[in-house]
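One structure is given here, and the rest of the page talks about it.
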Amino acid sequence: MRKKIIAGNWKMNMNLPESISLISQIKNYNGAKTFKCDVILCPPFTSLDTARTLIKGSVFQLGAQNMHAAESGAFTGEISASMLKSVGCEYVILGHSERRTLFNETDNIINKKVLSALSSNLKPIFCVGETLEERKKGITFDIVKRQMAEGLKEVDLYGIKNIIIAYEPVWAIGTGKTATPAQAEEVHAFIRSLLKESFGQDISERIIIQYGGSVKPDNAKEILHQPNVDGALVGGACIKAESFLEIIKAC
Ligand code: 13P
């Protein structure tokens, strides 16, 4: 049995005082010790170090939302994997559709980031997913297959065990339109079949595949109970303690 993992992608929300308040509310929830799933918080860079201190000794883990592939150097405004490690990150979201579309990140750039994260012992939460247009054209599987093949190029058997895959259909992100449980399960099962082809059955069955896209307290349970859905990557609903906790409890 795979233990489910819920991650909260705060995106560009919450300044430092707001972050402190949100983490304190989530952390002080009485039932936190009895969560059945693992929980990762991905606040903005500016809150990571403080978040690390606040979650120390709790069940929560820390992730970042992006990084640069280089180790260091003249890349004004960028952050490296080792910098993220130094503020307590264990995870980093890579290949998010907002990075792909708004910041022109190609499969190749994302692949370099994935390899760099792994070599610094940071675990990528690697996102894939089709646009509405692509779904309508019936090429969802082709798109996901390409993103998986290109983004995970040169990832070896050891590396893949340290990666979480997040299926986030672009048309479901921030739109309030969720994939139906059947639509999610279909793509998740397909992703697992791709993992099996590349890395073998044993490993494919161990890898966490999260769903992301308008996950809310009222739809989380249904989606999370699909056999190949091993957790959620939550956007909008994770920056309010109440709704994030409800989603965690749906596990
Ligand atoms: P929403 O939950 O706001 O749709 O965002 C999903 C997402 O992009 C998580 O990475």
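Of all residues in region 194-201, one or more are out of contact with any strand residue (DSSP E or B) (no Cβ under 8 Å at 6 or more places or on another chain), closer than 16 Å to residue 130 by Cβ and away from the ligand (no atom under 16 Å from the Cβ). Of all residues in region 94-121, count the ones that are within 16 Å of the ligand (Cβ to nearest atom) and assigned to a loop (DSSP other than H, G, I, E, B). Count: 4. Just one of the numbered conditions (1) touching a residue at least 24 places away in the same chain (Cβ under 8 Å); (2) assigned to a helix (DSSP H, G or I); (3) not polar (S, T, N, Q) is not true of residue 202: (1).
Out of the residues in region 161-193 that are within 10 Å of the ligand (Cβ to nearest atom) and among the small types (Gly, Ala, Ser), state the one that is surrounded by the fewest Cβ atoms within 10 Å (Cβ to Cβ). By that ranking, first place goes to 176.
Taking the condition modelled with pLDDT of 95 or more and either within 16 Å of the chain's Cα centre (by Cα) or within 13 Å of the ligand (Cβ to nearest atom) (or both), does residue 155 pass? Against the criterion (modelled with pLDDT of 95 or more and either within 16 Å of the chain's Cα centre (by Cα) or within 13 Å of the ligand (Cβ to nearest atom) (or both)), residue 155 does not qualify.
Residue 8 fulfils the conditions (1) assigned to a helix (DSSP H, G or I); (2) within 16 Å of the ligand (Cβ to nearest atom) except for a single criterion, (1).
The values are calculated or read from the model by the stated rules, or taken from the named source; none is laboratory data. Since the structure is predicted, the reported quantities are computational estimates derived from the model, not experimental observations. In this analysis, Cβ positions are derived from the backbone assuming ideal geometry, glycine residues included, and neighbour counts consider all displayed protein chains.
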